[in-house]
Each structure stands twice: as C-alpha cells, then as structure tokens.
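Below: one structure, written as structure tokens.
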Amino acid sequence: MILPIVAYGAPVLRKVAKDVPPDYPNLQKIIDDMWETMYASNGVGLAAPQVNKDIRVFIIDSAQIFVIQDDEDKGKYPDEPGIKKVFINAHIAELDGEEWSYNEGCLSIPKIREDIKRPEKIVLQYLGENLQPHKEEFIGLTARIIQHEYDHIEGKLFIDRLKPLRRKMLQGKLNDISKGKIRMDYKMMYAK
Ligand code: NI
C-alpha cells in the first residue's frame, strides 16, 4: 500500500524516534508499505517518520542511483553497485572520514535540492529485516543516504545543515511546502 509522505512542517519530522519494541504490531507490513511508497515516489531512501510513524526504521536503495547515473560517473563512488537494505533501531557507532559535498533532496521537502557536507564513513549498529543484530561500516553514496535517513529518525532534516543565510533564503519555499502550496506527483500529508 502506498502511504502519503509527511511534508515539511509536521511535528513527527522533528521528534527523536523511539526504538521499535519487540511487540510492535505489523512491523513487516509497515516496511513493505515503505518500500512501495519509496519506489512510487522515485526515492532512494525513506524513514518511518516520513510515513507518520515515530519509530527508528528506515530503508535505503543506493543501487537506484547507480542504475540511472551517467556513464561518465561509472566508478566514481566506492560503494558501487549500491545496496538495498532495512535498518531497524539503528544507532551510530562511528562517524569518520573527510567531509564531502553532495546535492541532496528529500521526499518531505520537495523541489528543494542543496549541497550538503557529510563525513565519508559511518558505522552503524542496527537490526536487519529479520531482527538479527549487525555492526557494519558504510562508505560512498550508501553512507550518504544512510546519514540522511538517520537524521530523520533523530528529528533532523538536511536543510538544518545549511548555513543560516541559505536557510533563510529558502524560508518562503519551506512555508509553501508546509501549507501544501505545492503540486507533487506523489501523495503528501500536511501538518494540521
Ligand atoms: Ni529525507
């Protein structure tokens, strides 16, 4: 089932999400719906708060970027061909390496793209789809998408990482998004 995506301005996007408790109902169904929702809106990652769920769950498919990239970008990123993965109850164990810039967007903040600096490496402790524990290192575009989605479960958004002046310049556009004054080709949900 395709779920509406929560637009900028909704309080759920600003909460620090909670670990999923063992008795949480219908977790697999939520994850299935998140995949369907992400692909339907051409995203490469989606976090549970973006579908109005206050839990530490996110999904990424970095392979999607490599599928559509230009031939001249082949071999540019060390994590090619990317991965498709579910992260449950993720917590950062390590954030390391040189910061690099990449033009990011977000399904909750449509039609805004900005260059964002992030470190090159992330080590995460998390549960996989079958709730098995992992500690794993990620680099390249995969590490980039993971950091963006991890921000979501910490109540942060990529625009928080902009310089104050740049952020100020976007305020009008952001207000329009929160009021629903945008037309998207996927379904969105707005703050009341
Ligand atoms: Ni996002």
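Taken over the stretch 54-87, residues that are in a loop (DSSP other than H, G, I, E, B) and either without any contact (Cβ under 8 Å) to a residue 40 or more places away in the chain or of a type in the set (Val, Ile, Thr) (or both) amount to 7.
Restricting to the stretch 1-37, name every residue that is polar (S, T, N, Q) and in a helix (DSSP H, G or I). Matches in the stretch 1-37: Gln28, Thr37. Of everything in the stretch 39-53 that is over 19 Å from Val16 (Cα atoms) and either over 10 Å from the mean Cα position of the chain (by Cα) or without any contact (Cβ under 8 Å) to a residue 60 or more places away in the chain (or both), the residue that is nearest to the ligand (Cβ to nearest atom) is Ser41. At least 2 residues being closer than 30 Å to Pro22 by Cβ is the threshold, and among the helices (runs of 4 or more DSSP H) wholly inside the stretch 92-192 those reaching it are 140-153. Among the residues of the stretch 56-78, which ones are more than 16 Å from the ligand (Cβ to nearest atom) and either of a type in the set (Lys, Arg) or in contact with a strand residue (DSSP E or B) (Cβ under 7 Å, 6 or more places away or on another chain) (or both)? Passing the criteria: Ala63, Lys74, Lys76.
When residues in the stretch 126-160 are screened for being more than 14 Å from Leu95 (Cα to Cα), under 16 Å from the mean Cα position of the chain (by Cα) and not β-branched (Val, Ile, Thr), 10 of them pass.
Read-outs: derived from the displayed coordinates by stated rules, not from any lab. Here the structure is a predicted model, which is why all the values come from computation and not from measurement. With ideal geometry, Cβ positions are generated from the backbone for all residues, glycine too; neighbour counts draw on all protein chains shown.
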